[in-house]
Amino acid sequence: MAPHRARRRRTRPSGRRTLLHTVVACAVLVGGTAAGAVYVKAQAHDRGGLVSSSSAPPGTSSSASAASSSPSQEASVEPVADRDALLAKEMKALTLEDGAEVSVAVSDIASGESAAYGEGAFDTASIVKVDILAALLLQAQDADRHLTATEKTYATAMITNSDNASASALWDIIGQADGLDAANERFGLTATAGGDRALWGLTQTTAADQLTLLQQVFGDDSKLSKASRAYLQGLMGEIAADQHWGVSAAADGTGWALKNGWLARSSTGLWDINSIGRVTVDGDEYLVATLSNGNTTKTKGISVVEAAAKAAVAAFGSA
């Protein structure tokens, strides 16, 4: 075992102004009507607001008669894209083997807008190594210390080469499942449970929880310090060449940082194939977590998670 961009739309006043001049005998009546409506739409990460206003200058009249005007207000509400629905639509194109399952979650880093598909729990396999190192870094922060030279050696091998012996060593240092679960509670993971005893690869998680973990690693609002985040990000950007697959398939060029996991279950012979990380597409950055199980071969599983990663990014480019 190796192991919503919320779009800001420029607003423009809309309205009509009509000036009617009517001359009857010696009386001159000048009337003016104006109606304007301004539609402003602003959406933050977790809230949306609609503000509309209208204005109309008063009408003028001669001493002979007065003209009245009624302002009109126009507002058009443009619906916010339903990213979950768009992602579900993109995922329909995936072909899964009988009995295989896949789940994916994605977030636009700039806007914080996110989407998810599938809610099941999956074995982490080696993607848990990101979580193990994050827990170690958090514990080191709490103790106001730096990682030791030995811990750094383990961390480098564990992330860049997916070395299992190094993962086992750090798993013991953090306190195994108890240490992982305690860190995850602070990170905001709510559906992840550390594997029993030495079985770190059988930690259970969801795509949504892995997205939360990625936000701790790559986001500013994190329990990890800036230095800790930079360290972990750097290692995820130096993955060995034979592991350049997974969410990186959705990136354009080399703009990615990731950790993959793969595990053939001894009881069934079927493969868990997972991939988590950050990708850059057309200058935009996304966090993507895709998990799968029930694959008959590693190669087929890789195709599934890569297709899911592409679908996740496409859900943000389709609206």
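The values are calculated or read from the model by the stated rules, or taken from the named source; none is laboratory data. All figures in this text were calculated on a predicted structure; none of them were measured in a lab. For neighbour counting, all protein chains shown are included, and Cβ atoms are generated from backbone atoms with ideal geometry for every residue, glycine included. Side chains are part of the model used for accessible areas, which takes the heavy atoms of the whole protein and leaves out ligands, DNA and RNA. Shrake-Rupley method; radii C 1.70, N 1.55, O 1.52, S 1.80 Å.
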* Using Cα pairs under 8 angstrom and six or more residues apart, how large is the relative contact order of segment 129-189, in percent? -> 42 percent
* Total formal charge among the other residues, if their Cβ is under 10 angstrom from that of VAL247, Lys/Arg +1 and Asp/Glu -1 -> +2
* **Nearest-0.05 FRET efficiency for LYS298 and ASP221, computed from C-beta distance (R0 41 Å)** => 0.70
* THR153 versus ASP242, label points 7 Å from Cα toward the beta carbon: distance in nm? -> 2.2 nm
* Asked: Excluding ligands and nucleic acids, what accessible area in Å² is computed for PHE218 using a 1.4 Å probe, to the nearest 10?
  -> 20 Å²
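So between ASP282 and ALA193, what do we pick up on full extension, going 0.36 nm a residue minus the alpha carbon distance?
28.5 nm
Keeping every protein chain in place, order THR268, THR296 by accessible area at 1.4 Å, biggest value first, i.e. largest first.
THR268, THR296
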* Structure fact -> Sorted on mean Cβ neighbours within 10 Å (highest first), peptides 194-202, 243-251 come out as 243-251, 194-202
* Distance between Cα centroids, segment 268-319 to segment 114-164: provide it in whole Å. => 20 Å
* Asked: GLU119: net charge of surrounding residues, Cβ under 11 Å, Lys/Arg +1, Asp/Glu -1, itself excluded?
  -> -2
